[in-house]
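S.K.: The structure under discussion is supplied below as structure tokens; questions concerning it will follow.
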Amino acid sequence: MAMATARPRPQVMRLTEAAAARIRDLMDKSGRPVAGLRIGVRNGGCAGMAYTMEYAESINPTDEVVEDKGIRILIDPKAVLFLLGTEMDYRTDKLSAQFVFNNPNQTSACGCGESVQLTPVQGGAADAATH
């Protein structure tokens, strides 16, 4: 009998170099110990949902922990299915500098870029994310 091999879990989120550098910079300036950057989604905004970001001083037992480019991202378990496959970038243009979420689960967004409509991942990926 061959043993079943565990499928590798998909990485929930990735950071671009620009996003990692900006987060590192902000954490260094925070002046307090930071366990990681907690990312989630909340209901609200004109398109239905908005991303949330905050520094976490500790890791919750339920957090999905992703390490990318030296940054520890803590993802609220309720947000995992909405964020699966997302790339977080940091963009600067003439008018603004902001974090941008390139999310394959996003079905629409409003003009302000803060509020999005997200659809949870369906099927096998959800199963993989819970083990």
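S.K.: For region 48-83, give me the residue count where each residue is part of a loop (DSSP other than H, G, I, E, B) and either under 22 Å from A35 (Cβ atoms) or modelled with pLDDT of 90 or more (or both).
M.R.: Start the filter on region 48-83 by keeping residues that are part of a loop (DSSP other than H, G, I, E, B), which leaves 48, 57-63, 69-70, 76.
Those left that are additionally either under 22 Å from A35 (Cβ atoms) or modelled with pLDDT of 90 or more (or both): 57-63, 69-70, 76.
Going through region 48-83 one residue at a time, the tally reaches 10.
S.K.: Next question. Being exposed (fewer than 13 other Cβ atoms within 10 Å of the Cβ) and within 16 Å of the chain's Cα centre (by Cα) is the filter here; which residues of region 48-59 pass it?
M.R.: If we filter region 48-59 for residues that are exposed (fewer than 13 other Cβ atoms within 10 Å of the Cβ), which is where we start, we get 54, 57-58.
Listed by number, the list holds a single entry, E54.
S.K.: State whether the residues of region 30-47 include one that is surrounded by 12 or more Cβ atoms within 10 Å (Cβ to Cβ), more than 11 Å from M13 (Cβ to Cβ), in contact with a Lys or Arg (Cβ under 6 Å, 6 or more places away or on another chain) and at pLDDT 90 or above.
M.R.: Our first condition is that a residue be surrounded by 12 or more Cβ atoms within 10 Å (Cβ to Cβ); within region 30-47, this holds for 34-42, 44-47.
Adding the requirement that they be more than 11 Å from M13 (Cβ to Cβ) leaves 34-36, 38, 40-42, 44-47.
Pick out the ones that are also in contact with a Lys or Arg (Cβ under 6 Å, 6 or more places away or on another chain) and you get 36.
Keeping just the survivors that are at pLDDT 90 or above gives 36.
Within region 30-47, one or more residues are surrounded by 12 or more Cβ atoms within 10 Å (Cβ to Cβ), more than 11 Å from M13 (Cβ to Cβ), in contact with a Lys or Arg (Cβ under 6 Å, 6 or more places away or on another chain) and at pLDDT 90 or above.
S.K.: With the requirement that a residue be within 17 Å of V65 (Cα to Cα) and free of Cβ contacts under 8 Å to residues at least 24 places away in the same chain, what does region 19-43 give you?
M.R.: Answer for region 19-43, where residues must be within 17 Å of V65 (Cα to Cα) and free of Cβ contacts under 8 Å to residues at least 24 places away in the same chain: just V34.
S.K.: Restricting attention to region 74-99, which residues are more than 10 Å from the chain's Cα centre (by Cα) and surrounded by 15 or more Cβ atoms within 10 Å (Cβ to Cβ)? So that I can check it myself, show each step before the final result.
M.R.: Narrowing region 74-99 to residues more than 10 Å from the chain's Cα centre (by Cα): 77-78, 81, 89-99.
L81, D89, Y90, F99, listed by residue number.
S.K.: I'm told T62 meets every condition in (1) farther than 27 Å from D28 by Cβ; (2) touching a strand residue (DSSP E or B) at 6+ places or on another chain (Cβ under 9 Å) except one. Can you identify the failing condition by its number?
M.R.: Exception for T62: condition (2).
The values are calculated or read from the model by the stated rules, or taken from the named source; none is laboratory data. What you see is a predicted model; the values in this text were computed from it and never measured. Note: ideal-geometry Cβ built from the backbone for every residue, glycine included; neighbour counts use all protein chains shown.
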